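Throughout, read-outs are computed from the coordinates displayed, never taken from laboratory work. This is a predicted model, so every value here is computed, not measured. Cβ placement follows ideal geometry from the backbone for every residue including glycine, while neighbour counts extend to all protein chains displayed.
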Amino acid sequence: MKILVTGTAGFIGFHLAKKLLERGDEVVGIDNVNGYYDTRLKYARLKESGISEEAEEWGKTIQSITYKNYKFTRLNLEDSEKVFELFQREKFDKVCNLAAQAGVRYSLESPLAYVDSNLVGFINILEACRNNKIQHLVYASSSSVYGDSPKMPLSINDNVDHPISLYAATKKSNELMAHTYSHLYQIPTTGLRFFTVYGPWGRPDMAYYLFTKAILEEQPIKVFNNGEMYRDFTYIDDIIEGVIRVIDNPPKYEKTPYKIYNIGNSNPVKLQHFIEAIEKALNKKAQKNYLPIQPGDVLKTFADVSELIEDIGYRPNTTVVDGVTRFVKWYKGFYGV
């Protein structure tokens, strides 16, 4: 099977591409390698997948030296001409769109970046799928679409008309756009509402990464809302297994082949307890600076993944202690500490 994975210099995209390649799929990866966070980490992920430093050049196709069935191109999803050319040339069977401008707080500072990447870029993907007979489009949504809903666990049947960040609004928009294309053109689409994903090669803007860095450097960590927040932390390996199962199982509804799933651990952890797991893995105590909750943040996320369990047999099984231990081991090795 030939699969386009967008965002392969990113955290989830990197892991997904590797797992697909290891099972024998042919993968084409694209990413614009933007500067939202340290690009050295993004290029290190590409290097780990056998993609050389030539990947810095825009539009150049780089063959992996590690996987014969993997090639990468630096490309902007907003560049419709280049996106359409890629689809016509490569003849993909399926697409997994993970490329997006991420981050809730950053959306308060740079809203136009979210419009360009998450809206313009996504409509280009939809148009390319429509014109190239794609068998299944899987795309990243987010748990942030639920806003600050007090109802727990969060279900795909809940109302999501009240996002509290522009990032969340763009992800809700992606779901609406995908539904329209599924309805009008019979393109099978599945949106995945990711809950807090963590693990090796993760995003350095995420709390667990920032905590680990600060504790090792004996700097205080910022603990928002006095640590009285809960997150449905989900280890990357569990996420990737679920994503691949979804890719393999497109929705089969005759009228509108469209589906939304929550993908998380379904076991929310108090932020304080997550910090304690990091402290234990590092064998080092954190200096805590308690701060108020930030604009756009929510108090709790808790995924109802019953439909994902029922439809594809999804079963996350990595404990926070095990997941954090693996992350810390990778972090120390990567940064040489």
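Report note on the peptides 249-261, 279-291: ranked by the mean count of other C-beta atoms within 10 Å, highest first, their order is 249-261, 279-291. Charge tally around Arg193: other residues with Cβ under 13 Å, Lys/Arg +1 each, Asp/Glu -1 each, net -2. The distance between label points at Trp58 and Glu228 comes to 4.9 nm (points 7 Å beyond Cα on the Cα→Cβ vector). Charged neighbours of Gln272, selected by a Cβ distance under 15 Å, balance to +4 (K, R count +1; D, E count -1).
Here, P(r) means the percent of Cα pairs in each 10 Å bin from 0 to the largest distance; for the chain it is 6, 26, 36, 24, 7, 1. Note on the range 25-145: semi-axes of the ellipsoid equivalent to its C-alpha gyration tensor, largest first and rounded to whole Å, are 22, 20, 13. Extension gain, Lys82 to Gln294, is 72.5 nm, computed as 0.36 nm per intervening residue step minus the present C-alpha separation. Charge dipole (Cα centre; +1 on Lys/Arg Cβ, -1 on Asp/Glu Cβ; no other charges) of the chain amounts to roughly 560 debye.
When only alpha carbons of the range 5-58 are considered, Rg and Dmax amount to 10.5, 32 Å.
Peptide packing: for 316-324, 6-14, the average count of neighbouring Cβ atoms within 10 Å per residue gives the ranking 6-14, 316-324, highest mean first. Note that the range 35-47 has calculated 3J(HN,Hα) couplings of x, 4, 9, 3, 5, 4, 5, 5, 5, 5, 4, 4, 4 Hz, one per residue in order, obtained from phi through the Karplus relation 6.51 cos²θ - 1.76 cosθ + 1.60 (θ = phi - 60°); glycine and proline are x.
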